[in-house]
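Shown next, in structure tokens, is the structure this report addresses.
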Amino acid sequence: MNTPLKITGKTGVCGVIGDPVGHTVSPAMHNAAFSALGLNFVYMPFRVPKKDLADAVQGMRALNIRGLNVTIPHKVEVMALLDEIEPSARAIGAVNVIVNDKGLLKGCNTDAPGFMRALKERGIKVKGRTVVILGAGGASRAICFALASGGAGLIILNRTPGRASQYAADITKATGQTVEAMPLNPQNLAVAMEKGRILVNTTSVGMSPEASETLVKSDIIKPQHTVVDIVYNPVKTRLLKDAEKAGAGTINGLDMLVWQGALAFEKWTGHRAPVEIMRKEALRALKGI
Ligand code: ATR
């Protein structure tokens, strides 16, 4: 059993800034991890509207908050307010973690390496493979950079044509990988799935309460595919259910959520994250939503 949280004069403070933050499972995940390792830290949710972002970052310095997760809608805007940005976060164009080293605020991105780690832990190799990506928002951009840096070729399909081509060129320039961008329609998707071994849904389609939705017709999923969904509520989306039925491998959004959290935890505390405890607590918190 984990020891209960005991706040003292020396407790280190971490948290998440975003708007909204009411549904975040990060406090449950991180507080359980601190407690499991007996670390004198606490993790708090901070709802910060857009207009208050600069004050919140200044407050992080003033209050000597050790670490923050940054979530919607601040991941891009926060970059201009920090002292340093890790090169990988700079390339991705988004920060989801801030580390405060004695007043120096460093912006990092653990979404992308968290995604890659989730794949690696399941034994999925991306090097030399073609990955089909659904969606071209912020999450897609981070995932595409990570995959291409890991040696994958990409086919990005998006509802709004042109959105993906904006960063497809950046990714090719940075990694040398082939990146195709095309409109999302059933024909293009069917052709892409014939070329690709891995499919990643980075859109919100399938998220509760619209849990019966999917962008992928089940008959184009084959046993040789691995299907990854970044949606974590529900943990098993319609897309993942269809993939399982087709005999394909699956990786759910909870895995990625846990790994981005684990990598942030390690940056703030210098300790190896208790990943299984974090997964269990994130799942428990999700069930309570
Ligand atoms: P995030 O930063 O979390 O990735 P986002 O920037 O809003 O969020 O991006 C959401 C992605 O999901 C976009 O690619 C969006 O497509 P558009 O660029 O056409 O808006 C995609 N998306 C959301 N709902 C969709 C739907 N019903 N069908 C297809 N794509 C959808």
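The set of residues from the range 40-59 being surrounded by fewer than 17 Cβ atoms within 10 Å (Cβ to Cβ) and assigned to a loop (DSSP other than H, G, I, E, B) comprises Asn40, Pro49. When only residues in the range 180-191 that are among the polar types (S, T, N, Q) and assigned to a helix (DSSP H, G or I) count, which is surrounded by the most Cβ atoms within 10 Å (Cβ to Cβ)? Filtering the range 180-191 for residues that are among the polar types (S, T, N, Q) and assigned to a helix (DSSP H, G or I), the one surrounded by the most Cβ atoms within 10 Å (Cβ to Cβ) comes out as Asn188. Filtering Ala80, Ala36, Ala56 for residues that are within 18 Å of Phe265 (Cα to Cα), over 17 Å from the mean Cα position of the chain (by Cα) and assigned by TED's automatic domain parsing to the domain that holds Glu276 leaves a single hit, Ala36. Any residue at all in the range 196-208 that's farther than 23 Å from Lys245 by Cα, small (Gly, Ala, Ser) and within 15 Å of the ligand (Cβ to nearest atom)? Within the range 196-208, not a single residue is farther than 23 Å from Lys245 by Cα, small (Gly, Ala, Ser) and within 15 Å of the ligand (Cβ to nearest atom).
Can you name every residue in the range 122-143 that is touching a Phe, Trp or Tyr at 6+ places or on another chain (Cβ under 8 Å) and within 8 Å of the ligand (Cβ to nearest atom)? Within the range 122-143, Ala136, Arg141 meet the criteria. If we keep just the residues of the range 60-87 that are surrounded by 16 or more Cβ atoms within 10 Å (Cβ to Cβ) and part of a helix (DSSP H, G or I), which is farthest from the ligand (Cβ to nearest atom)? It comes out as Met60.
Checking each residue in the range 144-179 for being hydrophobic (A, V, I, L, M, F, W, C), in a helix (DSSP H, G or I) and more than 9 Å from the ligand (Cβ to nearest atom) picks out Cys144, Phe145, Ala146, Leu147, Ala148, Ala168, Ala169, Ile171, Ala174. Taking the listed residues Ile220, Ile277, the one that is under 27 Å from Lys125 (Cβ atoms) and among the aliphatic types (A, V, I, L, M) is Ile220, with no other qualifying. In the set Asp101, Asp111, only one residue is within 12 Å of the ligand (Cβ to nearest atom) and of a type in the set (Asp, Glu); that residue is Asp111.
Filtering the range 211-242 to residues that are of a type in the set (A, V, I, L, M), free of Cβ contacts under 8 Å to residues at least 60 places away in the same chain and outside any loop (DSSP other than H, G, I, E, B) leaves Ile220, Val227, Leu239, Leu240.
The values are calculated or read from the model by the stated rules, or taken from the named source; none is laboratory data. Remember, predicted model here, so these are calculated numbers, not experimental data. Because the Cβ atoms are built from the backbone with ideal geometry, glycine has one as well, and the counts that use them run over all protein chains shown.
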